[in-house]
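One structure is given below, encoded as structure tokens.
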Amino acid sequence: MNFFDSKNRTALLETMAETTYDLVIIGGGATGAGTALDAISRGMSVCLVDKQDFAAGTSSRSTKLIHGGLRYLKQLEIALVREVGRERAIVHRLAPHLVVSEKMLLPLIEGGTYGRFATSLGLMVYDVLAGVERPDQRIMLSKEKTIEYEPLIRTDILEGSGLYAEYRTDDARLTIEVLKTAAKMGAHCINYVEVKDFIYEPKKGKVAGVKCQELIAGQPLEIRARQVVSAAGPWVDELRQQNKSLEGKRLHLTKGVHIVLPHERFPVKQSIYFDMPDGRMVFAIPRGKTTYLGTTDTDYHGKKETPLTNLEDVEYLLNGANLIFPGLKLAVADVKSSWAGLRPLIHEDGKSASELSRKDEIFVSDTKLISIAGGKLTGYRKMAERVVDRVAKRLKKKFELEFGPVKTDKIDLVGAETLANAEAVEVYLRQVEEKLIPAGFSTLDASYLVHNYGEQTDTILDHLFAKEDHSPLELIRSELWFGFTHEMVISPMDFFSRRTGRLYFDIDSVREYMDPILEDFRSHFGWDEARYQQDRGYVEQALEQASEFPPST
Ligand code: FAD
């Protein structure tokens, strides 16, 4: 049965209640998703629950780069840079439509973070650690060449630049495709199911499952497991507290904000990583009709489900951009959308937000709850491998169950089964353009679909072209149909934010299509008026939070 079809939710919940799994995972962000795919592909029976939508935590709120983390080189985190640097090429191979090569320009500014020699050396070390192949290795550019690459850049303090290779992605889509791949192999994954407590073995007191609340129909649910892993990101310590094992190292949450401007107001030609006046560095990344800018890094103690962008965050980013791109005179009124995310970092006494390590950490409690936190989106596969190695070891010792080694480096993600590399994606994109352009759509529409859905675009277009009307409204309704039937879309924000990225990168389309999309939800799920009004309120609130910036209190 296709359990990612939202109509099969009841059947999935019933199956989960009846099964004892080898592994239950709490959290459907990148870390939990990677863990589910790793475990199911080694032969474990797997269940994953998330209390929100999949990727609704940090994994839809990052800078959306699959990167080696150049700045961690400065902090001498060599092992981290090597691991995530090498992972970039693997994740690109597994989903070449979704993890796209992107050149990054690093301007050298008088009095900036790095001089020419240090930058050249640093980028060379970065290439070596990440195993970057020759055509993609860094090049150093003169001042004149840099201006050719990016004419908007301030010239009076410019000394040149470095140009190096990174990858761009969509964090939420990557997470969802990893989950769908795990589900296709037999993992049972579900959103809107919250773990409230643990089940313990009667005699030895070890964790033997989770006590949950299903949040849509409001039913309690118990799921039994030989092993439970918490990949709950910023919420990891709450679950350790519930497990009475919160001791020693703890999380330190920092907030990172990104703002989105129309590309015509911030028309950079490629991604740029530039200095801020306080010595931090931020990215400006063009995407579709927009350019986004981020991030901030400030300590956070508020509600974890809804970190918000405030005016100070926006002004900080705009001031920095206006120093390097003075001709643009960017203002708060130019900002169309934004998002804020929480980094679940591991606390270190005396270190500021920016200085904290991005390494991941595994905690094992006396009751054998395994928790994993920290790390990077880019490293999700290696984090999963480390945690599943531990699970396999315990299942062997305690239950004499044998599982094979990791194989996720060879499992293409759903949407990329026949897309072997970037060239194949280009060929497929041309085919999609040939179908869409005669129907009145643009190359941008084709590119959006292919980079979001890969070869699943065919399924969406088959649905569209089976109708008489091929308007933009019918295309978005076909995307929604795909979301209902293949991607476990339950609420309008699952669709507008995590499945399509429209809330951030095409916010006007959310305003334009909200009414017919909500009507489709009403008829698909048989919503009554109260449910309709409630979800309409959530969409209106999300629009407001993304585009209005109150001062911090
Ligand atoms: P999350 O994505 O937060 O997932 C945890 C999940 O657990 C959530 O969905 C939550 O709902 C669920 N959950 C919590 N409690 C419960 C419960 N009781 N029951 C059920 N479910 C529960 N990394 C990169 O590689 N590249 C970048 O460009 C990058 N940029 C970043 C920029 C910012 C501003 C931030 C904040 C982070 C960035 N990162 C980046 C880091 C990366 O985003 C994170 O490391 C990664 O997304 C963490 O994923 P996770 O699965 O551990 O946590």
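The values are calculated or read from the model by the stated rules, or taken from the named source; none is laboratory data. Worth saying up front: this structure is predicted, and the values here are computed from it rather than measured. Note that we place each Cβ from the backbone using ideal geometry, even for glycine, and neighbour counts take in every protein chain shown.
Suppose we filter 57, 32 for residues that are buried (at least 24 other Cβ atoms within 10 Å of the Cβ), touching a residue at least 60 places away in the same chain (Cβ under 8 Å), at negative phi and in contact with a Ser or Thr (Cβ under 9 Å, 6 or more places away or on another chain); which single one remains? If you could, list the steps in order and put the result at the bottom.
On the way: 57 fails: in contact with a Ser or Thr (Cβ under 9 Å, 6 or more places away or on another chain).
Among 57, 32, only 32 is buried (at least 24 other Cβ atoms within 10 Å of the Cβ), touching a residue at least 60 places away in the same chain (Cβ under 8 Å), at negative phi and in contact with a Ser or Thr (Cβ under 9 Å, 6 or more places away or on another chain).
In the range 385-409, how many are surrounded by 13 or more Cβ atoms within 10 Å (Cβ to Cβ) and outside any helix (DSSP H, G or I)?
Qualifying residue count for the region: 3.
So, residue 238, is that one of a type in the set (Asp, Glu), at pLDDT 95 or above and more than 24 Å from residue 349 (Cα to Cα) or not?
Values: of a type in the set (Asp, Glu): yes; at pLDDT 95 or above: yes; more than 24 Å from residue 349 (Cα to Cα): no.
Spelling it out, it is not the case that residue 238 is of a type in the set (Asp, Glu), at pLDDT 95 or above and more than 24 Å from residue 349 (Cα to Cα).
Cβ contacts < 8 Å: first residue β-branched (Val, Ile, Thr), restricted to the range 531-553; second residue in a helix (DSSP H, G or I), any location; separation 6+ or different chain. Result?
Pairs found: 539/492; 539/493; 539/496; 539/510; 539/514; 539/518.
Could you tell me whether residue 209 is in a loop (DSSP other than H, G, I, E, B) and at pLDDT 95 or above? Steps first, please.
On the way: in a loop (DSSP other than H, G, I, E, B): no; at pLDDT 95 or above: yes.
It is false that residue 209 is in a loop (DSSP other than H, G, I, E, B) and at pLDDT 95 or above.
Please work out which one of (1) in a loop (DSSP other than H, G, I, E, B); (2) more than 19 Å from residue 222 (Cβ to Cβ) is the condition residue 51 fails and give its number.
So the condition that residue 51 fails would be (2).
Looking at the range 280-292, which of the residues that are under 22 Å from the mean Cα position of the chain (by Cα) and among the charged types (D, E, K, R) is surrounded by the most Cβ atoms within 10 Å (Cβ to Cβ)? Break it down into steps so the answer makes sense when it comes.
As a first pass, look at the range 280-292 and keep what is under 22 Å from the mean Cα position of the chain (by Cα): 281-292.
From what is left, the residues that are among the charged types (D, E, K, R) are 287, 289.
Working: 287: 19, 289: 16.
Ranking the candidates gives 287 first.
Report, by residue number, each residue of the range 251-279 that is exposed (fewer than 15 other Cβ atoms within 10 Å of the Cβ) and within 16 Å of the ligand (Cβ to nearest atom).
Matches in the range 251-279: none.
Name every residue in the range 255-294 that is at pLDDT 95 or above, among the aliphatic types (A, V, I, L, M) and in a loop (DSSP other than H, G, I, E, B), in order of residue number.
Residue satisfying the conditions is 268 alone.
Kindly list, by first and then second residue, each pair from a residue in the range 1-28 that is in contact (Cβ under 8 Å) with a residue 60 or more places away in the chain and farther than 23 Å from residue 523 by Cα to a residue that is exposed (fewer than 15 other Cβ atoms within 10 Å of the Cβ) and of a type in the set (Asp, Glu), limited to pairs with Cβ atoms under 7 Å and residues at least 6 apart or on different chains.
17/222
Could you identify the single residue in 222, 148 that is farther than 25 Å from residue 307 by Cβ and away from the ligand (no atom under 16 Å from the Cβ)?
Numbers: 222 fails: away from the ligand (no atom under 16 Å from the Cβ).
Among 222, 148, only 148 is farther than 25 Å from residue 307 by Cβ and away from the ligand (no atom under 16 Å from the Cβ).
For residue 25, are the conditions met, namely being modelled with pLDDT of 95 or more, within 14 Å of the ligand (Cβ to nearest atom), touching a strand residue (DSSP E or B) at 6+ places or on another chain (Cβ under 6 Å) and not in a loop (DSSP other than H, G, I, E, B)?
Values: modelled with pLDDT of 95 or more: yes; within 14 Å of the ligand (Cβ to nearest atom): yes; touching a strand residue (DSSP E or B) at 6+ places or on another chain (Cβ under 6 Å): yes; not in a loop (DSSP other than H, G, I, E, B): yes.
When the stated conditions are applied, residue 25 passes them.
For the range 97-149, name all the residues that are surrounded by fewer than 19 Cβ atoms within 10 Å (Cβ to Cβ), hydroxyl-bearing (Ser, Thr, Tyr) and over 18 Å from residue 71 (Cβ atoms).
Within the range 97-149, 101, 142, 149 qualify.
Tell me yes or no: at least one residue of the range 364-372 is more than 16 Å from the ligand (Cβ to nearest atom), among the aliphatic types (A, V, I, L, M) and not in a helix (DSSP H, G or I). Give the derivation first.
So in the range 364-372, the residues more than 16 Å from the ligand (Cβ to nearest atom) come out as 364, 366-368.
When the remaining residues are screened for being among the aliphatic types (A, V, I, L, M), the result is 364.
Filter once more, so that each one left must be not in a helix (DSSP H, G or I): 364.
Taking every residue of the range 364-372 in turn, at least one turns out to be more than 16 Å from the ligand (Cβ to nearest atom), among the aliphatic types (A, V, I, L, M) and not in a helix (DSSP H, G or I).
In the range 178-193, what count of residues is obtained for those that are closer than 11 Å to residue 48 by Cα and either more than 10 Å from the ligand (Cβ to nearest atom) or in a strand (DSSP E or B) (or both)?
So the count comes out to 8.
Enumerate the pairs (first residue in the range 364-375 and of a type in the set (Lys, Arg); second residue anywhere and away from the ligand (no atom under 16 Å from the Cβ) and part of a loop (DSSP other than H, G, I, E, B)) with beta-carbon separation below 7 Å, excluding pairs fewer than 6 apart on the same chain, so at least 6 apart or on different chains.
Close Cβ pairs (under 7 Å, with a partner that is away from the ligand (no atom under 16 Å from the Cβ) and part of a loop (DSSP other than H, G, I, E, B)) amount to 368/206.
Is it the case that the range 39-61 has a residue that's farther than 29 Å from residue 391 by Cα and either near the ligand (Cβ under 7 Å from one of its atoms) or not β-branched (Val, Ile, Thr) (or both)? It would help to see each step written out before you state the result.
Applying the first criterion (farther than 29 Å from residue 391 by Cα) to the range 39-61 yields none.
Scanning the range 39-61, I find no residue that is farther than 29 Å from residue 391 by Cα and either near the ligand (Cβ under 7 Å from one of its atoms) or not β-branched (Val, Ile, Thr) (or both), so the answer is no.
Based on this model, can you work out whether residue 320 counts as in contact with a strand residue (DSSP E or B) (Cβ under 8 Å, 6 or more places away or on another chain), touching a residue at least 40 places away in the same chain (Cβ under 8 Å), part of a strand (DSSP E or B) and of a type outside the set (Val, Ile, Thr)?
Spelling it out, it is not the case that residue 320 is in contact with a strand residue (DSSP E or B) (Cβ under 8 Å, 6 or more places away or on another chain), touching a residue at least 40 places away in the same chain (Cβ under 8 Å), part of a strand (DSSP E or B) and of a type outside the set (Val, Ile, Thr).
Based on what the data block shows, is residue 234 over 18 Å from residue 368 (Cα atoms), within 11 Å of the ligand (Cβ to nearest atom) and in contact with a helix residue (DSSP H, G or I) (Cβ under 8 Å, 6 or more places away or on another chain)?
Values: over 18 Å from residue 368 (Cα atoms): yes; within 11 Å of the ligand (Cβ to nearest atom): yes; in contact with a helix residue (DSSP H, G or I) (Cβ under 8 Å, 6 or more places away or on another chain): yes.
Against the criterion (over 18 Å from residue 368 (Cα atoms), within 11 Å of the ligand (Cβ to nearest atom) and in contact with a helix residue (DSSP H, G or I) (Cβ under 8 Å, 6 or more places away or on another chain)), residue 234 qualifies.
Taking the conditions exactly as written (surrounded by 22 or more Cβ atoms within 10 Å (Cβ to Cβ) and within 17 Å of residue 406 (Cβ to Cβ)), does residue 41 satisfy them or not? Give the derivation first.
Numbers: surrounded by 22 or more Cβ atoms within 10 Å (Cβ to Cβ): yes; within 17 Å of residue 406 (Cβ to Cβ): yes.
The answer is yes for residue 41.
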